[in-house]
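Input: a single structure, listed below in structure tokens.
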Amino acid sequence: MNTQTTPDAQISPAAQSRSVLDVIDLTIRYGTKPAIRNVSLSIPQHRITAIIGPSGCGKSTLLRAFNRMNDFIPNVGMEGQILYLGSDIYAREVDPVEVRRRIGMVFQKPNPFPKSILQNVAWGPSINGFTGNLEDRVEQSLRRAALWEEVNDRLHESALALSGGQQQRLCIARALAMEPDVILMDEPCSALDPVSTARIEDLMFELKERYTIVIVTHNMQQAARVSNLTAFLENGSLVEYGETDQVFTRPRNQRTEEYVTGRFG
Amino acid sequence: MSQGSTAKPLLAGAGTRKSRTKEELIRFVLFLCAFLSILTTLSIIAILAWEAYSFFREVRVLDFLSGTRWTPLLEPRSFGVLPLVAGTLQIVIGASLIAIPVGLASAIYLAEFASAGVRRALKPVLEILAGIPTVVYGYFALTFVTPLIAAIFPQTQIFNAASASIVVGIMVLPMTASLCDDALRAVPESLRQGAFALGATQFEVTLRVVLPAALSGVMASFVLAASRAIGETMAVTLAAGATPKMTMNPLESIQTMTAYIVQVSLGDTPVGTVEYQTIFAVATLLFAITLSMNIIAHRVLARFREVYE
Amino acid sequence: MSSDRLRRRHAVTRGFRLLCAAVAWAGIVILAVLLFHVTREGIRWLDLQFLTEFPSRFPEQAGIKSALWGTVWLITLTAGISIPVGVAAAIYLEEYSPRNRLSQLIEVNIGNLAGVPSIVYGILGLVLFVRFLALGRSVLAGSLTMTLLILPVIIIAAREALRAVPDSIRHAAFALGATRWQAVRSQVLPVALPGILTGVILALSRAIGETAPLVMIGALTYVAFVPEGPMDAFTALPIQIFNWASRPQENFHQLAAAGIMVLLVTLLLMNATAVWIRQRAERTGR
């Protein structure tokens, strides 16, 4: 219902694309300390949106609000709304489990389950009542995560035997196996070497054909390289949000300019 | 591909509702299992209170607590619990004389001197000592420790407090050592280094800095060890005897509260008589003493941990 | 002058260190003496006949068949009841419980229950199971009593094992749309399992050696048969040992020593299993 209520170009810069997530006047508090202050923005479909900002600015908090992972932190208070395809994901009748099935997540440090590669990818679909061919789904997900060629001969070996970069791609494959609409990535490359990082960035380009991606990163070059849109957060407030080119080359706000040119943060 | 799923509304369908009900059911069953511990405590209290109540309708509480003769099974009957308390106290004191110095010194060695390798070797030994059943210690007291004591002091009786005290001391030793070790290791390294930087030797650092800093934790472990010694049953039943009396001579036969309870339950005292109810009165006293010691010690330990965490 | 003092201070440290070390290693000496004494006394009674004969008035004919089987029954039933209940309680406290007054009360309560003397559990079992629930002096009554006794130990150990599972595993599971139970059952529990098993085995080995509660619920009658069901009367190894040790005759004391050897070997095997599980889990190293 609320998908079109974004007249302000700053809030929804990509009007040509339909928005998947709409944040409306969101405030999140840890105890009494606000971590996100009155943020409104829209995430367009099949684009990569980067959230940048100095550490502690609330970017991870915002990202985790999109699939209700903040529910696990005690004493979190929230005001405002987050709409997924028009429906409020924090509405009373909504099961957070259902939200997370649609909105997948990749974490900062690769966190594969201490099981086989196959089991890692197959577990999500199998607990969610997937009835099709599980092996096909696993292969498809691993292919999309550009990992199939490297692991297809050792699917039954422990996922922990993989390298860090491979583990992270496995975590992406695991998320893809759920066929989500949105994939949230919380600094997915911060624990990886440059080569692995480059592979994951390439992968993101391919994935945006099918999925909407939101990535939190502290690495501005990465945001500039991979994203279509960039949101700059400072002290929990949204300072600027726009096409990545524009944010990095012609920022409207002076704080943004200072940050993207590396004068602070 | 994702288009298909985007059309679906987010609201919970019938399937989700069903699995939510299942989740709630599981949660409830798990809760019941955790809540069982509360029920256990309540049952203990209810049973002891109920049975002790019927005992104290026959015997005045004051007579029970202050009487110095305990002859509930013989005429003339007398229900003064102090001899049992004295017997228990004798065991606790004797056991503490062993467990406290040895336990603390072992803990100091483990925490302050021993290398990681020595720790790895010593800890399992302590664990094995802690895992030996109490009936085995009872046997050991009766057939090894008592003859040993008798060889030195010929007047020693076959059943005597000394031998039971010694094995109870050995029994609570691992617990004392391990709790003291925890307390000493909780003291931050910075405190030690600060003292070393002032030119203190290891001995001075341990005795003047580490030990005082860990004092409340160490004291709490002593209380827990004493509480364990009070509740110890089989070793004292086998080795300390069945003669309730007010004596401080460790070479004589005595009786503890726990040993008395065993004695009655092994005998043919008819259920429901006041003689039989004595075990509940004694058990109530035992439970009250150990529980309050445990609660105090855990409080102290909790506060101690807060200081250093 | 002052270097003299310094030398003395160092000597004090060395002496102190030696004292502490000697005292700490005394544990090994005590253990060795105890084992040596028991073996010396018991070894000549320990033969196949000892394991296959029922207790008897005549030491030469006495064995621990009924006690051994009683212990097997007792521990099997106790394990069957206490493991699921204890692990479930630990899961609730570690994975589910909101941080409120009630769960705090439960936690403190479990800590205190772990310190209640075992004989008090015996009284609880006697009144609640033997009389009130009319289970009589059966293996089942004994097992239920033992269950209540070791539940705190199992819960505390299982909670520690669950706490050691990194949160990243839970988050990964939740982010895949797992419900809490799915996350716990399929991901958290398997990782915690070696730790839980170690704790469970240690708790059960405590149950094997416990005597006082069984004396209370009346397992000390002369039993010359092997239990065939949970409602049968029984005796157990530590009870048989107690029985023999409390007789005045030397021969029975030696029988007790032989019984102790059987008991200690059983415990040793269980502990070795626990250590083996722990080391295997560390090697496969998640």
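Read-outs: derived from the displayed coordinates by stated rules, not from any lab. None of the values given here were measured: they were computed from a predicted structure. Quick reminder, even Gly has a Cβ in these numbers, built from the backbone with ideal geometry, and neighbours come from all protein chains shown.
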### Query
With the contact rule set at Cα under 8 Å and sequence spacing of 6 or more, what percent relative contact order holds for chain A?
27 percent
### Message
Give me the one-decimal nm value for the distance between modelled label points at B:Lys123 and B:Leu215, 7 Å along each residue's Cα-to-Cβ direction.
### Response
2.9 nm
### Query
According to a simple spin-label model (label point 7 Å from Cα along Cα-to-Cβ), what is the distance in nm between C:Glu160 and B:Val271?
3.9 nm
## Note on the structure
So the FRET efficiency between C:Gln104 and B:Leu39, C-beta based with R0 = 22 Å and rounded to 0.05, is 0.80
### Task
Partner chain Cβ atoms within 10 Å, averaged over the residues of C:11-22 - can you pull that number for me?
6
### Message
So if I take the centroid of the Cα atoms in the range B:70-106 and the same for the range A:65-118, what is the distance between those two points in Å?
### Response
60 Å
### Query
For B:Gln155 and B:Phe28, what does the FRET efficiency come to when R0 = 51 Å and r is the distance between their Cβ atoms, rounded to the nearest 0.05?
0.20
### Query
Based on the Cβ-Cβ distance of C:Thr52 and C:Thr76, what FRET efficiency does E = 1/(1 + (r/R0)^6) give at R0 = 25 Å, to the nearest 0.05?
0.80
### Message
Order these by the 10 Å Cβ neighbour count, fewest first: A:Glu206, B:Glu232, C:Glu107.
### Response
A:Glu206, C:Glu107, B:Glu232
### Task
Using only atoms on other chains, find how many Cβ atoms lie within 10 Å of each Cβ of peptide C:85-91 and report the average.
5
### Query
Do the sum for chain B: with -39,500 (n - 2.57) for every DSSP H run of n ≥ 4, divided by all residues, what is the mean residue ellipticity at 222 nm, to the nearest 500 deg cm²/dmol?
-23500 deg cm²/dmol
### Message
Multiplying the sequence separation of B:Phe196 and B:Ile295 by 0.36 nm and subtracting their Cα-Cα distance, what value in nm do you get?
### Response
32.0 nm
### Message
Within 15 Å, Cβ to Cβ, of B:Phe144, how many net charges do the neighbouring residues add up to if Lys/Arg are +1 and Asp/Glu are -1?
### Response
-1
### Summary
The extension gain from C:Leu31 to C:Glu228, computed as 0.36 nm times the residue separation minus the Cα-Cα distance, is 67.2 nm
### Query
Among residues other than B:Ala99 whose Cβ falls under 12 Å from its Cβ, what is the net charge (Lys/Arg +1, Asp/Glu -1)?
0
#### Entry: Straight-distance crosslink candidates among aspartates and glutamates, where the alpha carbon sits under 18 Å from C:Lys65 and sequence neighbours closer than 8 are dropped
C:Asp47, C:Glu53, C:Glu228, C:Asp232
### Task
Counting helices only, and only those DSSP H runs with n ≥ 4, report the 222 nm mean residue ellipticity of chain A as the sum of -39,500 (n - 2.57) divided by its residues, in deg cm²/dmol to the nearest 500.
-9500 deg cm²/dmol
### Summary
Checking B:Ser165, B:Ser265, B:Ser190 against a Gaussian network model of chain B (alpha-carbon springs below 10 Å), the top fluctuating residue turns out to be B:Ser190
### Summary
Ranked by GNM mean-square fluctuation in chain A (Cα springs under 10 Å), the top entry among A:Gly77, A:Gly129, A:Gly53 is A:Gly129
### Query
Remind me, relative contact order of chain C in percent, using alpha carbon pairs under 8 angstrom and six or more residues apart?
26 percent
### Relative contact order [Cα under 8 Å, 6+ residues apart], chain B, whole percent
24 percent
#### Entry: Cα lying deepest toward the dipole's positive end in the protein assembly as shown, options A:Tyr211, B:Thr201, C:Leu105, charges on Cβ
B:Thr201
### Message
If I fit a long axis through the Cα atoms of helix A:117-127 and take the longest principal axis of the Cα atoms of chain A, what angle between them do I get, 0 to 90°, rounded to 10?
### Response
70 degrees
### Query
Once every DSSP H run of n ≥ 4 in chain C is given -39500 (n - 2.57) and the sum is divided by its residues, what mean residue ellipticity at 222 nm do you get, rounded to the nearest 500 deg cm²/dmol?
-24000 deg cm²/dmol
### Spacing of the two label points (7 Å from each Cα toward its C-beta) at C:Arg9 and C:Glu282, in nm
3.8 nm
### Task
Specify, per residue and in Å³, the volume enclosed by the convex hull of the alpha carbon atoms belonging to the range C:49-284.
136 Å³
